[in-house]
Amino acid sequence: MGFRLIALVLAISLAVSAQVNMSVEQLVSFLRSSIKLKQPDKQVAEYVKKVRLSNRLDERLVEELQGQGLGSKTVEALHALSEASAKLPAAPPPTPKPVATPIPPPSPEEQKKALDAATDHALNYVKRLPDFICTQVTRRSVDPTGKESWIPQDVILERLSYFEQHEDYKVVLVNNHPVDIPHEKLGGATSSGEFGSILKEIFDPKTQTEFDWARWATLRGRRAYVFTYRVPQARSTYRITSTSGPTSSESAVPGYHGLVYVDKESLKVMQITLEAEDLPPAFPVRQVNLTLVYDYTRIGDTDYVLPLKAELRARDDRRFLTKNDVEFRMYRKFGADTSIKFDTPDPVPEEKLKEQPIR
């Protein structure tokens, strides 16, 4: 049944008057649960007085529990229980937690096969996408302290059209108010290129990206290969623009590195992380990190791997932080009569986006 469940049953049964037989490990689990649940000291002490142990309770363990927050009456009852159990066998050591055996890395041949397939997927990605429209929601936050104490700034909703392998953005709402301004005139931190340009550059043979095996991962219940990669500044086209006013901006093209997650079954890229490097010393932006998450999305009668969410973080030379949480919703096949109802949806649950433990 497990000690946590036993502890819960005991905590609920504090009023039971019958004597209770248990091991030291079960008693300790119950007492720690009572501390966490803030059970009344007197009530817990009365229960401890009814306990009959199957092995010896060490005084050092009583002191440890007292230090964790047990009340004085319960500690007094434990001292008495320690004396009563002095002639019993010593308590066995705690059951060790199971140690996960790491999954061995794939063979060099399997790694090459995965990277070759991911390269083909990346280089032909935009060619295989249909024409579509979707809603892009960007939640922007700032932190002047540099300690990730985020302050919501605005929520931007855009109509994103993908037609003949080109992206077109139309800003529709800012903080739920209708607007009519171009994407590039929004000001602040913005992002684009999630529909293939970053993916293509990483895997383009001309970039000569350096790949290495990192580890296995599980994304949304599916096993994935994870590779490190690095694109040096000399072969990068990833551009960062810093805007300091309505008409003032400057750009830099840094190198970057990160991780690519390749689904083991489909051999398609399902997640990318990116961290800029070699930013010019005088450039006002000192740090940029991007995470781009893909998922299977149905358009018409076919499932496509499309962006689900992106997170862009930046730090300037004053340690001022900005964060963009970008989500892509309501994919529809492009057509002259295609329409989307524009209202700001709830955020995608974080549980759906996190990497799960390897099993």
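Out of the total accessible area of the range 36-165 (probe 1.4 Å, heavy atoms of protein only), what percent is carbon and sulfur?
On the way: 4370 of 7870 Å².
For the range 36-165, the apolar C and S fraction of the accessible surface comes to 55 percent.
Using 15 Å as the cut-off for backbone N distance, which residues of the range 215-246 belong to the label zone defined by a point 7 Å from the Cα of Ser197 along Cα→Cβ? Only 236-242 fall inside the zone, counting backbone N under 15 Å.
Mean sequence separation of contacting Cα pairs (under 8 Å, at least six apart), scaled by the length of the range 239-297, corresponds to a relative contact order of 27 percent.
Can you put Lys87, Lys38, Lys113 in order of accessible area, largest first, using a 1.4 Å probe?
Numbers: Lys87 200, Lys38 170, Lys113 135 Å².
From most exposed to least exposed: Lys87, Lys38, Lys113.
Hull volume per residue, based on the alpha-carbon atoms of the range 199-341 and their convex hull, is 176 Å³.
3J(HN,Hα) along the range 220-233, derived from phi through the Karplus expression 6.51 cos²θ - 1.76 cosθ + 1.60 where θ = phi - 60°, amounts to 6, x, 10, 6, 9, 6, 10, 10, 7, 8, 8, 10, x, 4 Hz, with x in place of Gly and Pro. Using the Cβ-Cβ distance between Trp150 and Ser242 with R0 set to 25 Å, the FRET efficiency works out to roughly 0.80. Taking only the Cα atoms of the range 33-145, the ratio Rg/Rh comes out at 1.42, with Rh defined as the Kirkwood radius. Summed over the residues of the range 39-156 and divided among them, the accessible surface reaches 60 Å² per residue at a probe radius of 1.4 Å. For Val20, the residues 5 or more places off, or on other chains, whose built amide H falls under 5 Å of its own are Val51, Arg52. By the rule of a C-alpha distance below 17 Å, with chain neighbours fewer than 8 residues away ignored, the lysines paired with Lys127 are Lys200, Lys268, Lys333.
Per-residue surface analysis assigns Met22 an accessible area of about 10 Å², computed on protein heavy atoms at 1.4 Å probe radius. Backbone geometry of the range 92-109 corresponds, through the Karplus equation with coefficients 6.51, -1.76 and 1.60 at θ = phi - 60°, to 3J(HN,Hα) couplings of x, x, x, 4, x, 5, x, 9, 5, 7, x, 6, x, x, x, 5, x, 5 Hz, x marking Gly and Pro.
The values are calculated or read from the model by the stated rules, or taken from the named source; none is laboratory data. Everything quoted here is computed from the prediction, not taken from an experiment. Glycine also receives a Cβ, built like all others from the backbone with ideal geometry; neighbour counts cover every protein chain displayed. Accessible surface is based on the protein model in full, side chains and every heavy atom, while ligands, DNA and RNA are left aside. Shrake-Rupley method; radii C 1.70, N 1.55, O 1.52, S 1.80 Å.
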